[in-house]
């Protein structure tokens, strides 16, 4: 049921998006050079500190998201340190650029655990990249708190057992997201015929598409067209023409932000004006990256937060002051990942990695975070339980909030 209604806004300017896509924050570190955090470690000398690692795409195609997560984590670390730290110790956040590459991701994990002695790692929002950490984190048991939507990142599909080092933190997985959006479209928009268009080379897109098709048909909807593409494709008019020729009433588009932008622009070029139902990557900076935001006539997507909520005013102000750019939903996620880690360390009064894992599995219950109240981590799925999400609407290029929503057809 929808609970609140917000006010309309226009998406960020293109200049802000371009700033966001760079490495304007202070958290990034490549294979050479020092960051602000490395200097802090050196300055600490013999002082006992808690090292928190970060692995995100800070310079590649996913840097719009990766920098937001990493910057949000840094802001939380600064805030916690200013309040006295954890267990009387200051946090040091050491972040590495994985360049959206699995090998670079593993190398960064090894450096953080072997050399930097990180007790936990704030990981990327990419399911595909997160998968590269399953084996090494299972062996080393230094937990990764990340944002994969694919449940196969946290749970072994064959055994049903959770991977010991992998945790989805601060957002629901793709199955829960798909159930929410299918419930919303049927109950609130009275649509019954869906087209699905997704990237088969992207784990997030694939699992989201499969989960939506299963959820949609389970509640009585019909999928009338399924179209696919692969990462690095850039011409989608053939697939969009097939959707146009079908009797679909909307398009489910669970793709990353750059591909959502290309698809919506090319759909407008061929006169396809069906509503879009997206996943979280239709949040800003999606609108700002469109040549003309008004070509997005109608769209609905879920988000973990409504960034214009007055309760986020302080967070947005602090983020803008530190990084010189607007905060996004992913920045709140990075921030909340650190606060979940803080709760885990305090729960067992230990910053030992295996004690953190124990706390994440057993003791994160009814936690109030920046955007989420009553947050609970499920020890069996290594993912959150029963999270509501905010439904957002785009109408003629204008973004509004429809309120928080929880599915009613999947209890």
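The values are calculated or read from the model by the stated rules, or taken from the named source; none is laboratory data. Every value quoted in this text rests on a predicted model; they were computed, and no experiment measured them. Please note: Cβ atoms are built from the backbone with ideal geometry, for glycine as well, and neighbour counts cover all protein chains shown.
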Cβ-Cβ under 6 Å pairs, at least 6 apart or on other chains, the range 48-75 side on the phi > 0 side of the Ramachandran plot, far side assigned to a helix (DSSP H, G or I):
none
Residue identified as in contact with a strand residue (DSSP E or B) (Cβ under 7 Å, 6 or more places away or on another chain), in contact (Cβ under 8 Å) with a residue 40 or more places away in the chain, in the same structural domain as residue 138 (by TED's automatic domain parsing) and not in a loop (DSSP other than H, G, I, E, B) among 167, 197:
167
Take residue 122 and tell me if it is touching a residue at least 60 places away in the same chain (Cβ under 8 Å), under 24 Å from residue 384 (Cβ atoms) and surrounded by fewer than 19 Cβ atoms within 10 Å (Cβ to Cβ).
no
Residue by residue through the range 305-342, note down the ones that are in a loop (DSSP other than H, G, I, E, B), out of contact with any strand residue (DSSP E or B) (no Cβ under 7 Å at 6 or more places or on another chain) and surrounded by 16 or more Cβ atoms within 10 Å (Cβ to Cβ).
307, 309, 325, 326, 327, 328
Could you check, for the range 138-151, whether at least one of its residues is within 27 Å of residue 354 (Cβ to Cβ), part of a helix (DSSP H, G or I) and modelled with pLDDT under 95?
yes
Residue 361 vs. criteria more than 23 Å from residue 404 (Cβ to Cβ) and out of contact with any helix residue (DSSP H, G or I) (no Cβ under 9 Å at 6 or more places or on another chain)
yes
Apart from one, (1) surrounded by 15 or more Cβ atoms within 10 Å (Cβ to Cβ); (2) farther than 23 Å from residue 388 by Cα all hold for residue 205; the odd one out is (2)
Counting only residues that are in a helix (DSSP H, G or I) and at pLDDT 95 or above, which one in the range 243-258 is surrounded by the fewest Cβ atoms within 10 Å (Cβ to Cβ)?
245
Those residues of the range 86-111 which are touching a residue at least 12 places away in the same chain (Cβ under 8 Å), part of a loop (DSSP other than H, G, I, E, B) and under 19 Å from residue 48 (Cα atoms), in sequence order:
87
Members of the range 270-284 that are assigned to a loop (DSSP other than H, G, I, E, B) and either crowded, with 24+ Cβ neighbours inside 10 Å or within 13 Å of the chain's Cα centre (by Cα) (or both)
279, 283, 284
State yes or no: is residue 371 assigned to a loop (DSSP other than H, G, I, E, B), farther than 25 Å from residue 282 by Cα and either under 20 Å from the mean Cα position of the chain (by Cα) or not assigned by TED's automatic domain parsing to the domain that holds residue 73 (or both)?
no
